[in-house]
Structures are given as C-alpha cells and as structure tokens.
1. Is it true that B:PHE69 is of a type outside the set (Asp, Glu), out of contact with any strand residue (DSSP E or B) (no Cβ under 7 Å at 6 or more places or on another chain), touching a residue at least 40 places away in the same chain (Cβ under 8 Å) and closer than 22 Å to B:PHE5 by Cα?
2. Among the residues of region A:32-50, is any loosely packed, with under 15 Cβ neighbours inside 10 Å, modelled with pLDDT of 95 or more and hydrophobic (A, V, I, L, M, F, W, C)?
3. Confirm whether B:ILE64 is assigned to a helix (DSSP H, G or I), among the aliphatic types (A, V, I, L, M) and more than 25 Å from B:LYS187 (Cα to Cα).
4. Could you pull out every one of the helices (runs of 4 or more DSSP H) wholly within region B:110-200 that has 2 or more residues that are away from chain A (no Cβ under 11 Å) and surrounded by fewer than 19 Cβ atoms within 10 Å (Cβ to Cβ)?
5. For region B:1-54, which residues satisfy the criterion of being part of a helix (DSSP H, G or I) and either within 13 Å of the chain's Cα centre (by Cα) or in contact (Cβ under 8 Å) with a residue 60 or more places away in the chain (or both)?
6. Of everything in region B:170-200, what is over 17 Å from the mean Cα position of the chain (by Cα), at pLDDT 95 or above and acidic (Asp, Glu)? Give them in sequence order.
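The values are calculated or read from the model by the stated rules, or taken from the named source; none is laboratory data. Quick caveat: nothing in here was measured; it's all calculated off a predicted structure. As a convention, Cβ positions derive from the backbone with ideal geometry for all residues, glycine included, and neighbour counts pool all protein chains shown.
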There are 2 protein chains.
Amino acid sequence: MSKGFLLVISGPSGAGKGTVCRRILERNKKLVFSVSATTRLPRRGEKEGVNYFFVDEEKFNKMIEDGDFLEYANVHGNLYGTPKKFVLDQIEKGNIVILEIDVQGALQVKQSYPEAVFVFLLPPSMSELKNRIRKRRTESEDDIDLRFKNAFEELKFVDEYDYIVINDEVIEAVQKIEIIIEAEKLKVKRLRNIIDSIMK
Amino acid sequence: MSKGFLLVISGPSGAGKGTVCRRILERNKKLVFSVSATTRLPRRGEKEGVNYFFVDEEKFNKMIEDGDFLEYANVHGNLYGTPKKFVLDQIEKGNIVILEIDVQGALQVKQSYPEAVFVFLLPPSMSELKNRIRKRRTESEDDIDLRFKNAFEELKFVDEYDYIVINDEVIEAVQKIEIIIEAEKLKVKRLRNIIDSIMK
C-alpha cells in the first residue's frame, strides 16, 4: 500500500482555498483534514479535536518551545498552529492529510516538513482576485487594496511549491488536485515497499 | 501553456512496456513517440523519421562523439540510440515525448537528461513476470532464466525513477500513466510563465 503524505493547499487570499478544500473533502471521504490548535475560545458547535484543539496560551507557548508545530501564527491576538503530531500520526497510518493554509504558513511548513506536497492555488487573473477579495469582505477600499498588494507579493513565492492549480471553475480545480493526489500515490518514495513484496 | 517534457517508460523485460506504450499513444494523439536512430537496415514498411532514423555506422559513431544521444546501445551487433535533438525540439514546441526503453537505457537518460520524468513499469509479481517472459519468447529455458535474473537485478534501480506503475491490467496501467502526465503538466517548473501572465 502507498504511504500517506501531507498535501498543503495554499495561495493568496481570494484564490478560493476554503471552497476548493471543502469540495475535495466532500468528494474524498478518506482524506483527513489537518486540525489546528488555537488559543481562541470555542464558538458554539465547535468540537475539540474536530474543528480545533483548544489550548490555553501557556500550553501553546510550551508547544512552540518543544517544536510541536509545523507552523504557527498570531491572528488578531489569537494563536493558531498546525500540530506536527496529528499530521505525522495520520501519515503513519497511510492517510493523506490536507492542510489549507496561507502563503506565510506554507513557507513555514516547507521549512519544518519539506517532504510535504505543496499546491499553489491561483485565481485566473489579478482582476478576478480583486473581485473576489471585494465580494467576500465587508472591508474598506484601503483594506482591499492592502490584501490585493499582499496577494501580489505572495505570488513571488510560487517557486517554493510543487504544483500550480488555477482556480477558475471550482470543480476543475478540485479535479486537478485529485489528479495530483493520485499521481503522488505512485511516487517511488511512497511505493518503495511494493518492490520488496514483488521480489518475494 | 504548460511546457513539454520527456516521459521515460521503462522497466524489466516482461513488464509490458511495449503494449502499455502502444495503448497510451492510441488514446492520446498529442503525445509524441521518441524516434530512435539505428544502424540496422530498414525492414519492409519502415519509414525514415517515423519508425527510425536510419544512419550508417560512421554517422552513428560521429553522433556518439558529438554527444548527440540521450542514450545508445549495441543490440546484437546493431547500434540504437535516442537522438537528443529530436526530443528537445519536441519539448521546445510544448509537446510531451514518450520514450519506451529498457532499464540500462533509462539509467543513461537519467545521466544525460535528469529533467525527464521516469516511470518504472512493474509486473504484479515475479512469477507473473516469468510467465510473460516464457509466453512471449521462443527461447530455451536457460535464456528465460537469464532474462528473469536480469529482470530481478534491474528492480534494484527503482530508486532512480520518479513513479512506479504496476502493470496488472493494461488499461489500469495506461490510466495511471495518463494521471502522471496530467499531474506533471501542473508542476510549477512547467507553468512558471503563467505567473507572469496572471501578474499583468
């Protein structure tokens, strides 16, 4: 059987990471979504270990010190991080783990776990990206401009990634990611043990 | 548009390279089959530049000296080689070139052109491999044993390859190779120029 791996789905704000990841997980029940740890309080309906691992700041900082995160960040005063143990345990079981994350986070993962497979999700054009940022957010034009500028800067990190998927139609982007997953399962490094079983 | 690339389909004798490659080319008319140069004489119906590039020994040796081959070999007294220029010209045009070749040849290509994508085609088991070698050839048991031993030795080179495809059912092996091709088209190194066009 093929070994598991971590698939990082990343890209600038407005590329459609959230929508694409939801569809992939709906269509592929065996994929495992990476669960983040956070210091923010649970919202109604959120379950420990399903939506997040809820931890206090002391515990979170201890985890940082112990190198327990593939990446972490401070978002509006709350800490969020991807626990290494959860991901590696799933991979050990042969599962494929999906991590949806912004570009800064993906670059951290690239440092801490370069064996992951990195997909850069892109809008079909920068004007479409601006439309999407504008549609989605109830923010001022200044905020939209800032997000847009950040997105533009983030495109420069594409060379740190393995694959590019243009998210024009969601279903096509999803199918492309499914193809990447199927191809990655055929990589020699993940099927190496099959050789031994054939040689018997 | 995605850049072209060379897909090397290789594996031990009896893995079914020929059958699989024929089916892939039938189903994917845009793929280009790599045309070898050879010093053997044309057989009836064989066309220059389609089946082979027919050259004399002097010319072939000159091509070796000039580094014009991705790989070459002497088979029963005739020289066969893969001309670099043909492959690179096709890739330059954005085409995907398929090269069907034995393990020794693939290892040479890996040296001369490591950018290629290497697929190792495998039988489902060594006993099935022996069946296939036996069925196909009108050779003595000693010859069959030798081929089988060689095939076994060749499995050790799998780590030089990128992907493993088990050829149990031909159609499934073909579909897996098609998935590999589609995924490789999405590699950042082949779509790098799309970023520039999006940034405009």
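1. On the way: of a type outside the set (Asp, Glu): yes; out of contact with any strand residue (DSSP E or B) (no Cβ under 7 Å at 6 or more places or on another chain): no; touching a residue at least 40 places away in the same chain (Cβ under 8 Å): yes; closer than 22 Å to B:PHE5 by Cα: yes.
Judged against the criteria, B:PHE69 is not a match.
2. No: region A:32-50 contains no residue that is loosely packed, with under 15 Cβ neighbours inside 10 Å, modelled with pLDDT of 95 or more and hydrophobic (A, V, I, L, M, F, W, C).
3. Working: assigned to a helix (DSSP H, G or I): yes; among the aliphatic types (A, V, I, L, M): yes; more than 25 Å from B:LYS187 (Cα to Cα): yes.
Answer is yes for this residue.
4. Working: elements: B:126-136, B:141-154, B:170-185, B:188-199.
The helices (runs of 4 or more DSSP H) meeting that bar are B:126-136, B:141-154, B:170-185.
5. Step one: of region B:1-54, the residues part of a helix (DSSP H, G or I) are B:17-27.
Hits for region B:1-54 are B:LYS17, B:GLY18, B:THR19, B:VAL20, B:CYS21, B:ARG22, B:ARG23, B:ILE24, B:LEU25, B:ARG27.
6. Matches in region B:170-200: B:GLU172, B:GLU182.
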